Structures are given as structure tokens and as C-alpha cells.
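The values are calculated or read from the model by the stated rules, or taken from the named source; none is laboratory data. Small disclaimer: the values here were computed from a predicted structure and weren't measured. Quick reminder, even Gly has a Cβ in these numbers, built from the backbone with ideal geometry, and neighbours come from all protein chains shown. SASA here: full protein model, heavy atoms, side chains in, ligands and nucleic acids out. Shrake-Rupley method; radii C 1.70, N 1.55, O 1.52, S 1.80 Å.
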Amino acid sequence: MENGKLQQTLAGCIELSGKTLHSGKVSKVKIWPGFAGEGRYFEFHSNLIPASIDFVRESLLCTTLCKDGYKIRTVEHLLSALEAKGIDNCRIQIQSLDSEDTEVEVPIFDGSANAWVEAIEQVGRKEALDRCGNNVEKLAPYLSEPFYVSRNDSFMVAFPASKVHISCGIDFPKVPAIGCQWFSSAALDDSYEKHIACSRTFCIYEEVEHMCSMGLIKGGSLDNAIVCSAIRGWLNPPLRFPDEPCRHKVLDLIGDLSLFARSGSRGIPMARVISFKGGHSLNADFVRRLSGITVQET
């Protein structure tokens, strides 16, 4: 669907480094302006991995891209910020301090997308040109019919609409401090920066030992996640919003939906999307289904 907008890129370079959530290692990310029509892609050990659903591989508690034996983990917060802030084309150079690593992870910072949003705001954005110096129209995918995906008691459903609207629900009946929450947003307007980007990842305290035994959250701390106990409630208040966990689910979903983007056009479809008890795996199933029912007009 034509939306009268031209593809955008960064007006300068972004360079950030920090500790990662699951491996606990430090990684460095440098984001370069990109050519129109080439979209968002990662560069790791000179290997180019498009930020596309075609390269998503199943992984626990994060979204992972994989190509030719190289893996890039926990891409969702960075991609969420890029999609919401309209950075359609860029090269994301990432490296681990260990030059022999075949997998690397995006830094977690405070567990939200704030660091990325602030960096994008600082350098600004500009119209992207293709390699011949021409601008390229930014297309928006739209739905031709409603559809849904589900796993057990989790589901996602999407309805054709004239604009983007996302609603997420979560339910933790055994963790009263979280309980059942819903949050809705017109995800690509100004509300993203104020009401979504700053929401932090969360976990249940009683599940921490199990996650650690699986080799996860080696870099996790009270500085990069909000932690809730089923018995004692929140261990590191205050929350930024009463429904911060649910808002973070919207942040993650925007990042995962961005993986539908093709050739520098928008990833999130013109649709009303409703998710209940979703996660990265269900999000990926949803985006793969999008490929079969969406249409883009030129």
C-alpha cells in the first residue's frame, strides 16, 4: 500500500557497546546509514545477515538470526526502535570482544529500547537514496483477510485496518503483582517513545534458577530487568508504569514484526493486531504466516 512516504536512513553513525543478557559478554554495535531498497541487515565477521524472518531460528527468551553458521541473538529491542523510529535502511555492524565467537548478542542496556531510541534521536534521520542516487517510496503491507496463529492458550490475531493498532495481553495468575494486564497502542506514532520504548524486560524470580541452569541470563541483573516474585512481589521497584511488563511485550512484538520488512519498506502491516500470552516463537509464526496473505501495491 502506498503511504506517500519515502524510505529513510540514519543521518549519521551510531556506536554503542554494553553487556549482553544471556551470554553475559560485552558486544559492540555500530549502525551505518544504508542505501534505499536494501533494508536493515547485520554484519558479523564480514557475513551479512538480513533482519528478515527468513533467517530467524528458534531460540529461548529472545529472537535470533542465523546464517551460514553465524548467530546474532536478542535483536528485538534494537529492531523495535529502528522500525518505530522509521529507520528503514541501515547496516548494523556487530562484534564480540572474542574474535573467535561464531555467535554474538545485542547489548541489553537497561532492558528497554531507550538507549537505541536516544541514539537515533541524537544522530537524526534523512531520506535514503539508492545506489543510483534516487529516492524510493516506502510501502506498507496490508492484510487481505483476517488470520490468526495459536499455541495452547496463546494466540495472535490480525484484522485488516486503515492504520496500525496493537493490543497485547499477558496473564500470570500465580504472580499476583503482575496478574492479567492489557495494553494497546497505535504503535508507530509518538506514543512509542513515551509509553513503550522505556519499558523493561521482566522475569519471574522463581524461574531464575531454571533459566540459569539452561545457560541463559548469564548477564542478567536488577539493573537490566525488572524481577517479580510470586510471593514477595517486585524486587526492584519502582516500575516505570503499572503495566510495564505488558508494554514490554508490545516493544518485543514491534521488533519481531519488523522482520517482515522487505527492501526497505515497513514491516508492521496495516492491521489491528491482538496478542494474548504471546512470545518470540509465536511472533515468528505470525510473521511467517504474513508472507502468505499480505499484499504490497506499488
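For Phe35, the test of being in contact with a Leu (Cβ under 9 Å, 6 or more places away or on another chain) and assigned to a loop (DSSP other than H, G, I, E, B) is passed.
Number of residues in region 60-87 that are farther than 22 Å from Ala225 by Cβ, in a loop (DSSP other than H, G, I, E, B) and open to solvent by 20 Å² or more (accessible area, probe 1.4 Å): the value is 3. Could you list all residues from region 266-279 that are under 24 Å from Arg131 (Cβ atoms) and open to solvent by 10 Å² or more (accessible area, probe 1.4 Å)? Matches in region 266-279: Arg266 only.
Just wondering, is there one or more residues in region 113-128 that are in the same structural domain as Gly12 (by the TED database), of a type in the set (Lys, Arg) and either surrounded by fewer than 19 Cβ atoms within 10 Å (Cβ to Cβ) or outside any loop (DSSP other than H, G, I, E, B) (or both)?
Residues of region 113-128 that are in the same structural domain as Gly12 (by the TED database), as a first pass: 113-128.
Then drop every residue that is not of a type in the set (Lys, Arg), which leaves 125-126.
Of the ones still in play, those that are also either surrounded by fewer than 19 Cβ atoms within 10 Å (Cβ to Cβ) or outside any loop (DSSP other than H, G, I, E, B) (or both) are 125-126.
Yes: one or more hits.
Only one of the numbered conditions (1) of a type in the set (A, V, I, L, M); (2) touching a Pro at 6+ places or on another chain (Cβ under 9 Å); (3) touching a residue at least 24 places away in the same chain (Cβ under 8 Å); (4) not in a loop (DSSP other than H, G, I, E, B) is violated by Leu21, and that is (4). Scan region 222-237 and give yes if some residue there is open to solvent by less than 10 Å² (accessible area, probe 1.4 Å), assigned by the TED database to the domain that holds Ala161, assigned to a loop (DSSP other than H, G, I, E, B) and in contact with a helix residue (DSSP H, G or I) (Cβ under 9 Å, 6 or more places away or on another chain), otherwise no. Within region 222-237 (the criterion being open to solvent by less than 10 Å² (accessible area, probe 1.4 Å), assigned by the TED database to the domain that holds Ala161, assigned to a loop (DSSP other than H, G, I, E, B) and in contact with a helix residue (DSSP H, G or I) (Cβ under 9 Å, 6 or more places away or on another chain)), the answer is no, since none of the residues qualifies. Applying the selection to region 1-21, what residues are at pLDDT 95 or above, over 30 Å from Met214 (Cβ atoms) and among the charged types (D, E, K, R)? Once the filter is applied, which keeps residues that are at pLDDT 95 or above, over 30 Å from Met214 (Cβ atoms) and among the charged types (D, E, K, R), region 1-21 yields only Glu15. Considering (1) in a helix (DSSP H, G or I); (2) open to solvent by 60 Å² or more (accessible area, probe 1.4 Å); (3) farther than 23 Å from Gln8 by Cα, the lone condition that Leu282 does not fulfil carries the number (2).
Taken over region 163-179, residues that are open to solvent by 50 Å² or more (accessible area, probe 1.4 Å) and at positive phi amount to 0.
Scanning region 1-21 for residues that are more than 23 Å from Thr74 (Cβ to Cβ), open to solvent by 30 Å² or more (accessible area, probe 1.4 Å) and in contact with a helix residue (DSSP H, G or I) (Cβ under 7 Å, 6 or more places away or on another chain) yields a single hit, Ala11. For region 52-59, the count of residues that are in contact with a Leu (Cβ under 6 Å, 6 or more places away or on another chain), open to solvent by less than 40 Å² (accessible area, probe 1.4 Å) and either of a type in the set (D, E, K, R) or at pLDDT below 95 (or both) is zero.
May I ask you to list the residues in region 22-47 that are closer than 21 Å to Tyr70 by Cα, crowded, with 20+ Cβ neighbours inside 10 Å and modelled with pLDDT of 95 or more? Scanning region 22-47 gives Ser27, Val29, Ile31, Glu38, Gly39, Arg40, Phe42, Phe44.
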